[in-house]
Amino acid sequence: MSATPVESSQPNGAQGPVRVVDVWLEAGRDGRTFTYGDYQQLGLAFGDLVVVRLRGRRLQGLVIDSRPLRVETQQHSQSLQPVDALLQRAAVDPDWRTWLDAMAAACHTSPFRMLKAALPPGWLGQRGQPASPGRKLWWVELTRTLGDPHPKAARQHALLESLKAAGGGAWQRDLLNQGFHAGMVQSLQVKGYLRREQRIAPASESSLELQGNHSNEDGLEPPRDLTDEQQAAINRFQSLPDGSGLLLWGITGSGKTEVYLQLAAAEIARGHHCLLLTPEIGLIPQLADRCRNRFGRRVLEYHSGCSDGERVRCWRRCLQSEEPLVLVGTRSAIFLPLRPLGLVVLDEEHDSSYKQESPMPCYHARDLALDRIRRQGGRLLLGSATPSLESWSRLKPKGPLELARLSSRISRQPLPPVRIIDMRLELAEGHKQLISRALMDRLAALPSKGEQAVVLVPRRGYSTFLSCRSCGEVVMCPHCDVAMTVHGSRSQQQWLRCHWCDHRAALTDHCTACGSSAFKPFGAGTQRVMERLSEELDGLRLLRFDRDSTGGRDGHRRLLARFAEGEADVLVGTQMLAKGMDLPQVTLAAVLAADGLLHRPDLRAGEQALQLMLQLAGRAGRGEKPGEVLIQTYCPDHPVIQHLIDGRYERFLEEESTLRKQAGLVPYARACLLRLAGESAAATATAGTLLAEQLRPLCAAAGWQLLGPAPAPVARVAGRSRWQLLLHGPTETPIPLPQGSVLWDRLPKDVTLSVDPDPLQL
Ligand code: ADP
Ligand code: ZN
Ligand code: ZN
């Protein structure tokens, strides 16, 4: 598709053979190609990023074709608008584009949207304001010469040393990037070692390229001597052919990261780039630090904590770098233009944050990584203490992945024991608090022992299930291995529904298993639980760790630093709490109500609950004192709880996969979720019905099932009504959706549709 912009302008001073270029621009939903003249003779070719005008607006677009202006069309060319400027030469290469187009098709999104998601934000589309002269940042300076009495804490001392090495002053942002906490800077300031002021950072200055005290490559840390298991894993990986992958299954603290680092070192030695991904931005600092200690300046970061400018500079360095780089990032870093790419690591590969759910494209970084190395070379390493059922079921001989295991901890410390507290007994004995007596005793004893605890309050599973507080019974769907969800807000008009197969049932007020009337919806809001907790824990110092209290670029780190410095006895938080923190004073990890994790209305509820609780268990007892894990639940006999006690994660995977295979559920079936949202509930529902009619014959022909339209689990968000259609069918068959924009063409303007292939959450 090609069109000439309406306005014409007469270029000045164009001489010699002029070329015409097709530029892909953000116009409409899927982008369009427009033709321009390269009168400045910039030598434009495929992959260049240029600035042009379209209907008076300045846009940045991608050159996708370039050809000499033919004499017979010379006349026509007079009306072509000029390319204003070249922004980046060869921003993408043809192979990369081919890969991206294939991924767009796999994700049922348009190639343009995929491209826009892949490039650094702000690069494609409306031309932003030219970079402002600089942002205001904190500048930190030493006030005394070292040699004065030193602060005792080793990290504080290291921070001062680092400042000294940097010539006495540094941007606070760079210090944080080196793994120092903002809290440390502040406390050193209070103690008079430092001075801080806000200064304008020069626009060209990138913290990502001037990283700290390792600019002199001499101070780099040497590799450690590997354990036999680590060595075996490395040998295994290095014997793999290009384009293949390995699952590194190692319990927490077994030294997986050391394996990543040594494999990366080997790739660097061969002149290959490496890409190390973590699921959450909160986990970036520790991985980036360990990489920098080992590899120094060749380590770059790419994630949402970087400014747009930093991301663009990082992309450019990937394009231009003559020496191999190590990129540490979150899922979107999978798109970085690294060639040759030798190694891609997904740490905590089971984590659902590797999947982008919205906006489109709804991609999974693991799938993209595997596809990328198959096309472009390189090898994939998936690391986890609790692998996903998806990856486990793709092990050889059935699937493409090799396996290596690390079964003992480097420290030789055993994993902490898990104790289950039966909340049914608490109720039977008339104790109705959120916190059981056993947990209360443990918590109350913390301050006198100088120990700390983390308490996990499951985030409200955005919907409630029906459960019996006397016997633990939960109403499950008779067809699927999923808890039924309570629908409707007023108690008179509530019903139960299965989100997987749409089975519906009426609510009852007595337990069918034991007859108890303590049978009601489960799932109080996190906020209320927090309030009640602080009443019950009166006398203990609490810190809250959730999305609200950890906002901002360094929110995580700041909060953890405050906790590490002893500001509180108990850190209370949602799911995020379990992820990769290393706090030596923590001897107790507790889950307030495991039921909220076990019975989320989701096929993967059990798997994810076990992964989360095993990870949480890994948080306790990392220092010298042994740890303990306490789990409160109404369902102590639930298989997930049983496997948590015996620690045999593999047995769980075996049983779970048998169950899912029998029931024809993922990953032994495929699914695709179509999400609709609009201001008007009626219009959105109608659009859903029309869409279902359009798709029904396609599904029937392909042997797929279509469910819905039905209200989404959260039926209204930010004033928009949400409905969904669920498709499921056999694995290895394509999702029966029309290609291109057909699905969107008939939608009313104010209703949006997104397609989520192989959804992780309904
Ligand atoms: P994981 O990533 O599996 O949780 P880590 O890589 O963080 O484990 O290793 C746990 C600790 O053991 C880290 O402090 C790490 O530096 C240390 N470690 C790892 N491998 C070795 C080794 N071969 N020799 C000595 N210490 C090691
Ligand atoms: Zn009961
Ligand atoms: Zn069902």
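The values are calculated or read from the model by the stated rules, or taken from the named source; none is laboratory data. Computed from a predicted model, the values in this text were never measured in an experiment. In this analysis, Cβ positions are derived from the backbone assuming ideal geometry, glycine residues included, and neighbour counts consider all displayed protein chains.
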Flag for Thr633 being over 21 Å from Asp602 (Cβ atoms) and buried (at least 19 other Cβ atoms within 10 Å of the Cβ): no
Among (1) near ligand 3 (Cβ under 8 Å from one of its atoms); (2) at pLDDT below 80, Ser489 falls short only on (1)
Considering only the stretch 13-30, how many residues are under 36 Å from the mean Cα position of the chain (by Cα), of a type outside the set (Phe, Trp, Tyr) and at pLDDT 90 or above? 4
Test for Met440: is it among the aliphatic types (A, V, I, L, M), out of contact with any Gly (no Cβ under 6 Å at 6 or more places or on another chain), within 22 Å of Pro639 (Cβ to Cβ) and surrounded by 14 or more Cβ atoms within 10 Å (Cβ to Cβ): no
Here's a check for you: in the stretch 236-260, which residue that is of a type in the set (Ser, Thr, Tyr) and within 24 Å of Pro340 (Cβ to Cβ) is nearest to ligand 1 (Cβ to nearest atom)? Thr257
Please specify each residue of the stretch 603-619 satisfying the condition of being out of contact with any Leu (no Cβ under 6 Å at 6 or more places or on another chain) and assigned to a loop (DSSP other than H, G, I, E, B). Arg604, Gly618, Arg619
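Yes/no matrix, rows are residues, columns are (1) surrounded by 21 or more Cβ atoms within 10 Å (Cβ to Cβ); (2) more than 18 Å from Ala385 (Cα to Cα):
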| site | (1), (2) |
| --- | --- |
| Leu248 | yes, no |
| Val259 | yes, no |
| Gly271 | no, yes |
| Leu275 | yes, yes |
| Asn293 | no, yes |
Can Gly122 be described as at pLDDT 85 or above, at positive phi, small (Gly, Ala, Ser) and assigned to a loop (DSSP other than H, G, I, E, B)? yes
Out of all the residues in the stretch 439-462, is one or more touching a His at 6+ places or on another chain (Cβ under 7 Å), more than 16 Å from ligand 1 (Cβ to nearest atom) and at negative phi? no
Selection within the stretch 743-756 - part of a helix (DSSP H, G or I) and either under 8 Å from Ala687 (Cβ atoms) or in contact (Cβ under 8 Å) with a residue 12 or more places away in the chain (or both): Leu743, Trp744
Out of (1) surrounded by 16 or more Cβ atoms within 10 Å (Cβ to Cβ); (2) in a loop (DSSP other than H, G, I, E, B), what's the single condition that is false for Ile410? (1)
When you check Ala718 against the structure, is it without any contact (Cβ under 8 Å) to a residue 40 or more places away in the chain and surrounded by fewer than 19 Cβ atoms within 10 Å (Cβ to Cβ), yes or no? yes
Among Cys480, Cys471, which is the only one that is modelled with pLDDT under 85, surrounded by 13 or more Cβ atoms within 10 Å (Cβ to Cβ) and over 28 Å from Gln172 (Cβ atoms)? Cys480
Can you name the condition, by its number, that Ser436 falls short on among (1) among the polar types (S, T, N, Q); (2) under 24 Å from Asp546 (Cβ atoms); (3) within 16 Å of ligand 2 (Cβ to nearest atom)? (3)
Among the candidates Leu659, Leu690, Leu706, Leu698, residue that is among the aliphatic types (A, V, I, L, M) and surrounded by 16 or more Cβ atoms within 10 Å (Cβ to Cβ): Leu706
Report the residue count in the stretch 580-589 for those that are modelled with pLDDT under 90 and of a type outside the set (D, E, K, R). 5
Find all pairs meeting these conditions: Cβ atoms under 9 angstrom apart; at least six residues apart or on different chains; first residue within the stretch 226-240 and touching a residue at least 24 places away in the same chain (Cβ under 8 Å) and crowded, with 18+ Cβ neighbours inside 10 Å; second residue among the charged types (D, E, K, R) and in a helix (DSSP H, G or I). Gln230/Lys256; Gln230/Glu258; Ala233/Lys256
Would you mind finding the one in Val640, Val717 that is under 30 Å from Leu443 (Cβ atoms), away from ligand 1 (no atom under 16 Å from the Cβ) and not small (Gly, Ala, Ser)? Val640
Checking Ser358 against (1) of a type in the set (Ser, Thr, Tyr); (2) more than 19 Å from Ser388 (Cβ to Cβ); (3) in a helix (DSSP H, G or I), only one condition comes out false. Which one? (3)
For the stretch 472-486, how many residues meet the condition of being within 16 Å of ligand 2 (Cβ to nearest atom), in contact (Cβ under 8 Å) with a residue 60 or more places away in the chain and in a loop (DSSP other than H, G, I, E, B)? 2
Considering only the stretch 488-507, state which residues are in contact (Cβ under 8 Å) with a residue 12 or more places away in the chain, surrounded by fewer than 19 Cβ atoms within 10 Å (Cβ to Cβ) and either within 16 Å of ligand 2 (Cβ to nearest atom) or not hydrophobic (A, V, I, L, M, F, W, C) (or both). Gln494, Asp502, His503, Leu507
The stretch 663-682: number of residues that are in contact with an Asp or Glu (Cβ under 8 Å, 6 or more places away or on another chain), surrounded by fewer than 16 Cβ atoms within 10 Å (Cβ to Cβ) and either part of a helix (DSSP H, G or I) or of a type in the set (S, T, N, Q) (or both): 1
When you scan the stretch 163-195, how many residues do you find that are small (Gly, Ala, Ser), crowded, with 18+ Cβ neighbours inside 10 Å and more than 18 Å from Phe563 (Cα to Cα)? 2
Qualifying positions in the stretch 624-655 - within 28 Å of the chain's Cα centre (by Cα) and part of a loop (DSSP other than H, G, I, E, B): Gly647, Arg648
Taking into account only those residues within the stretch 497-519 that are more than 16 Å from ligand 3 (Cβ to nearest atom) and among the aliphatic types (A, V, I, L, M), which is nearest to Arg424 (Cα to Cα)? Ala518
Which of the residues belonging to the stretch 373-382 are surrounded by fewer than 24 Cβ atoms within 10 Å (Cβ to Cβ), closer than 17 Å to Leu277 by Cα and in contact with an Asp or Glu (Cβ under 6 Å, 6 or more places away or on another chain)? none
